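A short worksheet on the structure shown next.
The values are calculated or read from the model by the stated rules, or taken from the named source; none is laboratory data. These numbers were taken from a predicted model, which means no experiment stands behind them. We place every Cβ from the backbone using ideal geometry, glycine too, and count neighbours over all the protein chains shown.
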Amino acid sequence: MPGDGIGKVVLNEAIRVLDAAGFDAEYVHGDIGWEFWCKEGDPFPVRTQKLLEQHKIGLFGAITSKPKDKAEAELSPEMKGKGYVYYSPIVSMRQKYDLDICMRPCKTFKGNPLNFIRRGFGGVIEEPVVDTMIFRQNTEGLYGGVEWTNPPDQVYDALLTHKKFRDNFAWCPRPELAVSTRIFTKKYTTRIVKAAFEYAKSKGIDTVTVCEKPNVIRETSGMMLKIAQEMSKTEYPDIKVQNTNIDAQMMWLTKNPETYPVIVAGNMFGDIVSDGFAGLIGGLGFACSANIGPEIAVFEPTHGSAPKYADYKPSIVNPVAMIMSACMMLDHIGEHAISEKIQKAVAEVIEEGKVKTYDMMKLPGKPDVFEKGAANTTQMADAIIAKIRR
């Protein structure tokens with residue numbers, strides 16, 4: 001499912017790398033993204049849903065999302081006024097197929113010029129090794145899509161039963177009121193917390209950090225923290241629970257990121273903290289992810305479609321995040337040897353430092369980056385393939 005913009009470019013390069021590494025697969029194309037919203041009023045067509053249901057495994061590039069008014073404006077004339085509402089296809093996919101467990105690894109590549117550095121005692125420059133797995137609850141929370149502007153009577157009347165709403169918001173005219181919900185359920189909160197504990201156990205890690213805000217968001221964040229604490233006591237006595245607030249965590253990740261090997265969070269806070277950690281390992285060009293459900297799994301880089309780069313010929317973007325997402329897919333289906341071969345090749349190219357995309361050279365993303373020595377997207381994939389075949 002290539003999607004939009006640079007998603008089409010990086011997915012193609014990832015498949016070339018998979019082929020070079022000896023992964024024998026038939027790739028079935030699935031339509032998804034902005035083009036199909038504009039033409040059909042559906043960015044995640046039923047035909048693609050059926051393919052995913054049939055094959056169970058998906059590689060996903062990136063999608064373009066725009067606000068409600070812009071989405072409506074870009075519908076083809078014959079589709080306007082028919083009640084179509086744009087919803088992010090990846091969010092819809094996660095909810096439809098219970099892809100509730102999102103894993104986002106953030107791991108330092110030796111030799112990456114974008115790695116985080118800090119000043120230590122006595123002014124010594126340190127480059128901590130970051131190796132963090134973030135477990136993000138993928139289907140609930142603020143991304144659940146249960147929200148209203150000018151809420152209907154039943155919703156408004158229900159809100160009025162809460163003292164905080166009556167005291168602080170009842171003054172607001174309903175047409176000027178927008179409400180988004182943050183829903184956590186015990187079932188899916190337990191699943192994501194257990195996934196974090198199981199990962200920690202498998203890696204011999206003795207701490208799981210719950211990154212939420214239970215001192216303020218008492219019910220939902222409080223639920224996740226309580227479940228984790230109980231799970232530690234009853235099922236994983238050798239793994240302790242560390243509680244950090246999302247705002248403080250964003251400060252601490254630039255002070256001592258190596259001390260947070262496993263983090264679990266709700267949808268929004270997991271999104272925030274994973275981007276923060278991605279910044280420590282080189283940015284979104286290195287950030288991969290897995291969306292895993294009971295039957296279906298989809299693997300994607302966490303970057304967007306970057307439409308401003310989509311038409312560059314040749315492409316300037318870094319394909320590593322997509323390639324590493326493909327490695328997560330390989331590990332999920334048990335192809336560990338091929339995954340390790342690709343990851344080793346990626347690490348060797350980065351450490352060698354002869355081939356660097358524009359982001360690795362800290363250049364603005366403009367077409368002239370090649371004149372300054374940057375590799376294009378295909379050249380980076382070629383370098384990785386050369387290491388695989390060596």
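Brief remarks on what is shown
- Of the residues making up region 77-97, those that are under 20 Å from the mean Cα position of the chain (by Cα) and in a helix (DSSP H, G or I) are PRO89, ILE90, VAL91, SER92, MET93, ARG94, GLN95, LYS96.
- The lone exception for LEU99 - which of (1) in contact with a helix residue (DSSP H, G or I) (Cβ under 7 Å, 6 or more places away or on another chain); (2) touching a residue at least 60 places away in the same chain (Cβ under 8 Å); (3) closer than 30 Å to PRO314 by Cβ; (4) not aromatic (Phe, Trp, Tyr) it fails: (3)
- Here ASP100 fulfils each of the conditions (1) buried (at least 16 other Cβ atoms within 10 Å of the Cβ); (2) under 24 Å from SER325 (Cβ atoms); (3) over 20 Å from the mean Cα position of the chain (by Cα) apart from (3).
- Among (1) modelled with pLDDT of 95 or more; (2) surrounded by fewer than 21 Cβ atoms within 10 Å (Cβ to Cβ); (3) under 17 Å from GLY270 (Cα atoms), the one test that GLY111 misses: (3)
- With respect to being surrounded by 16 or more Cβ atoms within 10 Å (Cβ to Cβ), of a type in the set (Asp, Glu), modelled with pLDDT of 95 or more and on the phi < 0 side of the Ramachandran plot, ASP31 fits the description.
- Only residues that are under 30 Å from LYS66 (Cβ atoms), free of Cβ contacts under 8 Å to residues at least 12 places away in the same chain and touching a helix residue (DSSP H, G or I) at 6+ places or on another chain (Cβ under 8 Å) were counted across region 1-32, and they come to 0.
- Residue list for region 1-46, restricted to those being hydrophobic (A, V, I, L, M, F, W, C), over 19 Å from ALA321 (Cβ atoms) and part of a loop (DSSP other than H, G, I, E, B): ALA25, VAL28, PHE44
- Flag for ALA326 being in a loop (DSSP other than H, G, I, E, B) and touching a Leu at 6+ places or on another chain (Cβ under 8 Å): no
- Filter result for GLN49 (in a helix (DSSP H, G or I), farther than 21 Å from GLY304 by Cβ, within 22 Å of the chain's Cα centre (by Cα) and not assigned by TED's automatic domain parsing to the domain that holds ALA200): yes
- For region 301-337, the set of residues classified as of a type outside the set (A, V, I, L, M) and either closer than 13 Å to GLY5 by Cβ or in contact with a Lys or Arg (Cβ under 8 Å, 6 or more places away or on another chain) (or both) consists of PRO301, THR302, HIS303, GLY304, SER305, PRO307, LYS308, TYR309, ASP311, TYR312, SER315, listed by residue number.
- Just one of the listed residues (ALA297, ALA337, ALA306) is among the small types (Gly, Ala, Ser), buried (at least 17 other Cβ atoms within 10 Å of the Cβ) and on the phi < 0 side of the Ramachandran plot, namely ALA297.
- Residue list for region 205-242, filter: over 22 Å from the mean Cα position of the chain (by Cα), outside any helix (DSSP H, G or I) and among the polar types (S, T, N, Q): THR207, ASN215, GLN242
- Candidates PRO152, PRO128 - the one that is buried (at least 17 other Cβ atoms within 10 Å of the Cβ) and farther than 26 Å from ILE192 by Cβ: PRO128
- So ILE316, is it of a type outside the set (Ser, Thr, Tyr), at pLDDT 95 or above and part of a helix (DSSP H, G or I): no
- When LEU253 is tested against (1) modelled with pLDDT under 95; (2) buried (at least 17 other Cβ atoms within 10 Å of the Cβ); (3) out of contact with any helix residue (DSSP H, G or I) (no Cβ under 7 Å at 6 or more places or on another chain), only condition (3) is not met.
- Residue check, ALA375 assigned to a helix (DSSP H, G or I), under 19 Å from PRO113 (Cβ atoms) and in contact with a Lys or Arg (Cβ under 8 Å, 6 or more places away or on another chain): no
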